[in-house]
Amino acid sequence: MSILHSRFDTRLGLAVTLAVASFLIGPVVLSIVAGLTRNYFVGLSSGLTLRWIGEVWALYADTIWRSMLVAALTLVICTVLGVPLAWVLALYPGRRARAFEELLTLPVAVPGLASALALIISWGTVSGLRSSVWFIVIGHVLFTLPFMLRAARASMGAELAVLDQAAATLGAGRLRRFATIVVPNAMPGILTGALSVLTLSIGEFNLTWLLHTPLTKTLPVGLADSYASMRLEIASAYTLVFLLMLLPLMVGLQWLGNRHSRT
């Protein structure tokens, strides 16, 4: 009887998993098919084509490269700020550290449009900043920095503090200890944070929608524009381009994180 129950539970779990996967992945697959078929309403029988991807590249290539630039700058700034800050919070835990960490996570809880409006009110009058890519980068850093901070902080346990103290007693300077002990041991968390920062920055729409100008349009904003003004095939091909950009980054960073964890 127990064997029968075990088989039933296994099949039930498999059925639920397949149902959830089809519910989540099905729309993505249909969107990809729409971007590769000559006529979406006819279906695959109309034939496959790369025409729509070519039109997306011709119309929105600048938004793709701009999104990559914004994501790269956001990652660099979040890493430079987030990793040392996470180490400081790990060395000096307490109420003040927790309060400061919670303060940094406020942009995640606040709607993106509200954060963007606050940035425009505060810094929108600075000469040249409102119309530059850096204005979007500032917004993305505020939104993604908590993810880097939390991920890096999770890899900085008490054992790492002991190693740091041991190196200090041997005469190693603070900067050398941070570069040769803290960063290598916290690398799995840093890579996890980097994955979060990249994916969130590339796909961020709400905050970017209010911060962008016609000359600083990013990929998600262009995607919304294509859905509003173009044929369904163009918008679906844009989604395919978005996935082709994002998936290699996700797979690569996860592979690096798993490899470093095994090492």
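Okay, residues lined up against (1) closer than 17 Å to Pro146 by Cβ; (2) out of contact with any strand residue (DSSP E or B) (no Cβ under 8 Å at 6 or more places or on another chain); (3) touching a residue at least 24 places away in the same chain (Cβ under 8 Å):
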residue: Ile77; (1), (2), (3): yes, yes, yes
residue: Val80; (1), (2), (3): yes, yes, no
residue: Gly94; (1), (2), (3): no, yes, no
residue: Thr105; (1), (2), (3): yes, yes, yes
residue: Val108; (1), (2), (3): yes, yes, yes
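For Val42, the conditions (1) in a helix (DSSP H, G or I); (2) at pLDDT below 75; (3) over 30 Å from Ile136 (Cα atoms) are fulfilled apart from (1). Do we have Trp52 as part of a helix (DSSP H, G or I), surrounded by 15 or more Cβ atoms within 10 Å (Cβ to Cβ) and among the aromatic types (Phe, Trp, Tyr) here? In short, yes. Restricting the stretch 118-141 to residues that are over 22 Å from the mean Cα position of the chain (by Cα) and either among the β-branched types (Val, Ile, Thr) or open to solvent by 80 Å² or more (accessible area, probe 1.4 Å) (or both) leaves a set whose member that is nearest to Gly203 (Cα to Cα) is Ile120. Residue count for the stretch 250-263 under the criterion of being touching a Ser or Thr at 6+ places or on another chain (Cβ under 7 Å) and either open to solvent by 30 Å² or more (accessible area, probe 1.4 Å) or modelled with pLDDT of 75 or more (or both): the result is 1. Out of the helices (runs of 4 or more DSSP H) lying entirely within the stretch 76-145, which hold 3 or more residues that are at pLDDT 85 or above and not charged (D, E, K, R)? Result: 112-123. The combined condition, being touching a helix residue (DSSP H, G or I) at 6+ places or on another chain (Cβ under 9 Å) and either open to solvent by 40 Å² or more (accessible area, probe 1.4 Å) or of a type in the set (S, T, N, Q) (or both), is fulfilled by Leu106. Scanning the stretch 228-249 for residues that are open to solvent by 40 Å² or more (accessible area, probe 1.4 Å) and either among the β-branched types (Val, Ile, Thr) or at pLDDT below 75 (or both) yields Ala228, Ser229, Met230, Arg231, Leu232, Leu249. Determine whether the stretch 166-173 contains at least one residue that is in contact with a Leu (Cβ under 8 Å, 6 or more places away or on another chain) and either modelled with pLDDT under 85 or of a type in the set (Lys, Arg) (or both). Looking for residues that are in contact with a Leu (Cβ under 8 Å, 6 or more places away or on another chain) and either modelled with pLDDT under 85 or of a type in the set (Lys, Arg) (or both), one finds none in the stretch 166-173, hence no. Screening Ala172 with (1) part of a helix (DSSP H, G or I); (2) farther than 24 Å from Ser122 by Cα gives one miss only, at (1).
The values are calculated or read from the model by the stated rules, or taken from the named source; none is laboratory data. Computed from a predicted model, the values in this text were never measured in an experiment. Cβ sites come from the backbone with ideal geometry, for glycine too, and all protein chains shown count toward neighbours. Quick note on the areas: whole protein, heavy atoms, side chains included, nothing else; ligands and nucleic acids left out. Shrake-Rupley method; radii C 1.70, N 1.55, O 1.52, S 1.80 Å.
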